[in-house]
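Report on the following structure.
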Amino acid sequence: MAAVSHGARLAPLTTMRVGGPADTLVTVVTADEVVDAVRAADSAGTPLLVLSGGSNLVIADEGFRGTVVRIATKGVRVESRDDERVVVTVAAGEVWDEVVPRAVASGWSGIEALSGIPGLTGATPVQNVGAYGQEVAQTITRVLARDRQEHRQVTFDNAQCEFTYRHSLFKQSGRHIVLEVTFELGRGGLSAPVAYADPARQLGVEQGERVPLAAAREAVLVQRGNRGMVLDEGDHDTWSCGSFFTNPILPTAQMDALVERAAQRLGPDGPVPPIFPAGDGRSKTSAAWLIDKAGFGKGHRMPGPAALSTKHTLAVTNRGSATAADVAALAREVRDGVREAFGVTLVNEPVFVGHEL
């Protein structure tokens, strides 16, 4: 039976650890309870917030005036398998970094580079979670969701999810509540080709080579740990939402303007922005590079209460006593500083609830 409480603190349920209480918090452990709780809030006309792992969320200090439905559903089932592939369906409430090591231990490949990412499985298609050359869009075959407008369960195949960089159909509105996600993973015990240079160097292989799954997972955990991107209660660099801004994807003319602005600011022989092809005549650059070269180095605003991580400029962190207002103020400072320096407006990954950045 769903657990209901009033005035519950929400900050401990988020990785940023800020935010006020909820009028009503409903913790649901079955898909039917998810449906019932959402339907009750919608029928009453009550504002609704669906809370997954809280790893991509900044809740206002005033809290949430409405109903928060906290997803805690469980279940992992193998739908089918053959010598090369396995199809696995995972409940939305399963902790993502418990699903990944289970896949690694089972010899299932395709999500090993997504090790150490906090949050729950149901949130992964919403954000199209990705890291080190992998995105869940590469392995998701089906998403089962509750349609709040049509009051029914709806199944989306991969194409219908409309996955793009850190985006999907589910992120566009609050219409659909993810109930379970189905993945098609490889079998055989070897990772997907190692796509990034740092893990490849650590593993002693060339980019594009494959390694044992356990080794790939460990390499990613080390790399994420070096950047403060693996949750650790004793390390305030991990009291964050991970990467706070997405990497900008720019049309050619705007990328050319960025390169020119960088040369003006840093000198004609100075560092140049990283540029990666992004298709459709566009290119992607590094938000971390822009932040750093705009003058916001690691540990900016230390000792806080909110500061950039001492390990990675892309993480806005709570040094232990930050409020949501402190987090938002620092994020605005960085965003506005990058825009002033380079003419590029960074877009925040975390969702702000009850206030705006």
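Taking all protein chains in place and a 1.4 Å probe, what share, in percent, of the accessible surface of the stretch 313-357 do carbon and sulfur account for? On the stretch 313-357, the fraction of accessible area on carbon and sulfur atoms equals 45 percent.
Kirkwood radius for the stretch 207-256, taken over all pairs of different Cα atoms as the inverse mean of 1/r, rounds to 13.7 Å. Over the stretch 149-217, the pair-distance histogram of Cα-Cα distances with 10 Å bins from zero comes to 16, 31, 25, 21, 6, 0 percent, rounded to whole numbers. The label-point distance for Val259 and Arg201, in a model that sets each label 7 Å from Cα toward Cβ, rounds to 2.5 nm. Sparse packing (at most 14 other Cβ atoms within 10 Å of the Cβ) combined with a DSSP loop state is found for the following GluC sites (Glu not before Pro) in the stretch 107-196: Glu150.
Coupling constants for the stretch 210-219 follow from the phi torsions by the Karplus curve (6.51 cos²θ - 1.76 cosθ + 1.60, θ = phi - 60°), and in residue order they are 10, 9, x, 4, 4, 5, 5, 4, 4, 4 Hz; glycine and proline get x. Temperature 25 °C, viscosity 0.890 mPa s: under these conditions the Stokes-Einstein estimate for the stretch 271-314, based on its Kirkwood radius over C-alpha pairs, is 211 µm² per second. Here is the list for the stretch 229-333: GluC sites (Glu not before Pro) lying in DSSP coil, each with at most 10 other C-beta atoms within 10 angstrom of its C-beta, are Glu233. Compactness of the stretch 3-42, taken as the C-alpha radius of gyration over 2.2 N^0.38 Å, stands at 1.27.
Across the accessible surface of the stretch 198-259, with the other protein chains kept in place and a 1.4 Å probe, carbon and sulfur atoms take up 49 percent.
In sequence order, the stretch 81-91 has phi-based couplings of 7, 9, 5, 10, 9, 9, 10, 10, 10, 10, 5 Hz under the Karplus curve 6.51 cos²θ - 1.76 cosθ + 1.60, θ = phi - 60°, and Gly or Pro positions carry x. Taking amide H as placed 1.01 Å from N in the peptide plane, the amide H of Arg142 sits under 5 Å from that of Thr182, each at least 5 places away or on another chain.
Translational diffusion coefficient of the stretch 1-78 (Stokes-Einstein, Kirkwood radius from Cα pairs, 37 °C, 0.692 mPa s): 258 µm²/s. Its relative contact order, with pairs defined as Cα atoms under 8 Å and 6+ residues apart, puts the chain at 15 percent. Considering only Cα atoms, the convex hull volume of the stretch 6-155 works out to 113 Å³ per residue.
Rolling a 1.4 angstrom probe over the protein heavy atoms with all chains in place gives the chain an accessible area of 44 Å² per residue. Computed on the Cα trace of the stretch 231-297, the radius of gyration divided by the Kirkwood hydrodynamic radius gives Rg/Rh = 1.09. When the GluC sites (Glu not before Pro) in the stretch 1-104 are filtered for DSSP coil states and for at most 16 other beta-carbon atoms within 10 Å of their beta-carbon, the remaining sites are Glu62, Glu84. Based on the Stokes-Einstein relation at 20 °C and a viscosity of 1.002 mPa s, and on the Kirkwood radius from alpha carbon pairs, the chain is assigned a translational diffusion coefficient of 101 µm²/s. For the pair Ala105 and Glu349, label points projected 7 Å from Cα toward Cβ lie 2.7 nm apart.
The amide H of Val69, built 1.01 Å from its N in the peptide plane, has Val26, Leu49, Val50, Leu51 as neighbours under 5 Å, considering only residues 5 or more places off or on other chains. Cα convex hull, the stretch 289-341: 55 Å³ per residue, rounded to a whole number. Sorting the Cα pairs of the stretch 118-250 by distance into bins of 5 Å, from 0 upward, gives 2, 9, 16, 18, 18, 17, 12, 6, 2, 1, 0 percent per bin. Here r is the Cβ-Cβ distance between Ala325 and Arg187 and R0 is 45 Å; the resulting FRET efficiency, rounded to 0.05, is 0.35.
Here the mean projected area of the convex hull built on the C-alpha positions of the stretch 201-342 is 10.5 nm². Of the whole protein surface, Leu250 contributes about 10 Å² of accessible area at a 1.4 Å probe radius.
The values are calculated or read from the model by the stated rules, or taken from the named source; none is laboratory data. The model shown is predicted, which means the values in this text are computed figures rather than measured ones. All Cβ positions, even for glycine, are placed from backbone atoms using ideal geometry, and neighbour counts span all protein chains on display. Areas reflect the complete protein model, heavy atoms only, side chains present, ligands, DNA and RNA absent. Shrake-Rupley method; radii C 1.70, N 1.55, O 1.52, S 1.80 Å.
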